[in-house]
Amino acid sequence: MLGIIGGTGLTRLANLEITRREVVRTPFGEPSGALTFGQICDQEVVFLARHGYGHTIPPHEVNYRANVWALREVGVDRIASVATVGGIHPELAAGTLVVPDQIIDYTWGRAHTFFISGERTVVHLDFTQPYCQIMRDMILSAAHEAGVAARDGGTYACVQGPRLETAAEIDRYERDGAHMVGMTAMPEAYLAQEIGICYASIGVVANDAAGRGAAKQGIRPQQIEAVLEQIMPKVRLLLECLVAQEAPSCDLY
């Protein structure tokens with residue numbers, strides 16, 4: 001079953017025919033909210049708003065472990081994550097959709113593993129490919145079917161938040177090889193892989209990164225909101241086409 005995690009700008013799915021909501025308890029505390037079950041194009045999906053349905057949970061306080069665990073508990077084996085990002089690469093202008101294939105993690109202090117000291121043997125999980133290629137291909141195929149342009153590939157710089165970055169930090173991330181910057185890819189992507197869920201992301205470029213393009217002198221929240229209002233209908237259309245696809249078998253990365 002497909003799980004959809006919505007980020008900023010996607011706290012609800014207007015095209016989701018809701019059948020029920022369920023509060024799931026986990027060994028790692030409370031998820032961001034109740035899981036919303038429903039159908040899109042007659043296919044069952046589960047939706048969770050990463051920042052809560054009132055968008056009240058900042059990125060550094062999201063209980064990523066509880067969110068991923070709860071989705072797995074109800075039968076989710078694939079996750080499509082929707083996350084807003086700032087565009088560093090010149091081709092990632094505001095309003096662009098991108099399907100990243102790599103991550104650089106700049107976060108700190110987040111609970112980033114299900115392995116708890118003393119409970120199980122330490123496992124060093126290979127994270128060479130942070131996103132499931134099969135899920136990435138499905139998202140790109142869905143975008144093509146929906147007539148929505150989506151860039152294939154790019155490196156996501158995951159920062160702590162909730163503040164936005166300085167222009168100098170963005171320069172550093174570019175030197176490190178990043179194409180976009182956001183606050184939620186980690187540890188979400190790693191936790192999904194650790195627990196055996198195929199995971200990929202749809203990056204929604206909401207603004208130019210600090211010091212770039214229209215954000216040369218700063219980033220204005222009003223401009224971000226305007227971009228998200230325009231692009232989110234395309235994301236919903238993409239998700240409709242994604243849900244309708246038959247998922248091939250996946251050996252998990």
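Key figures
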read-out: Theoretical gain in end-to-end length, E22 to E145 [0.36 nm per residue, Cα-Cα removed]; value: 41.1 nm
read-out: Pairs of alpha carbons in segment 91-131 whose separation is greater than 14 Å (percent); value: 69 percent
read-out: Residue of V82, V148, V122 that the Gaussian network model of the chain assigns the largest fluctuation, springs spanning Cα pairs under 10 Å; value: V122
read-out: Neighbour cut-off at most 13 other Cβ (10 Å), DSSP loop, trypsin sites (Lys or Arg not before Pro), segment 99-200; value: R120, R163
read-out: Helical contribution to [θ] at 222 nm, DSSP H n ≥ 4, -39,500 (n - 2.57), averaged over the chain, rounded to 500; value: -8500 deg cm²/dmol
read-out: S81 long-range amide H proximity, modeled H, under 5 Å; value: I5, A200, S201, I202
read-out: Computed label-point distance, nm, for sites E61 and L125 using a 7 Å Cα→Cβ extension; value: 2.6 nm
read-out: Computed Rg/Rh of the chain, alpha carbon atoms with Kirkwood Rh; value: 0.94
read-out: Contact order relative to length of the chain, as percent, for alpha carbon pairs under 8 angstrom and 6 or more apart; value: 26 percent
read-out: Given charges at beta-carbon only (K, R positive; D, E negative), |dipole| of the chain in Debye; value: 580 debye
read-out: Selected from D77, D101, D137 as most flexible by GNM, with the chain as the system and alpha-carbon contacts under 10 Å; value: D137
read-out: Local electrostatic count at M186 - Lys and Arg +1, Asp and Glu -1, tallied over other residues with Cβ under 10 Å; value: -1
read-out: Most fluctuating residue given options G203, G147, G161, as computed from a GNM of the chain linking Cα atoms under 10 Å; value: G147
read-out: Under DSSP loop assignment and at most 14 Cβ neighbours within 10 Å, longest GluC sites (Glu not before Pro)-free interval of the chain; value: 120-245
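Values in this text are rule-based calculations from the coordinates and carry no lab data. Just so it is clear, the structure is predicted and the values come from calculations on it, not from any experiment. With ideal geometry, Cβ positions are generated from the backbone for all residues, glycine too; neighbour counts draw on all protein chains shown.
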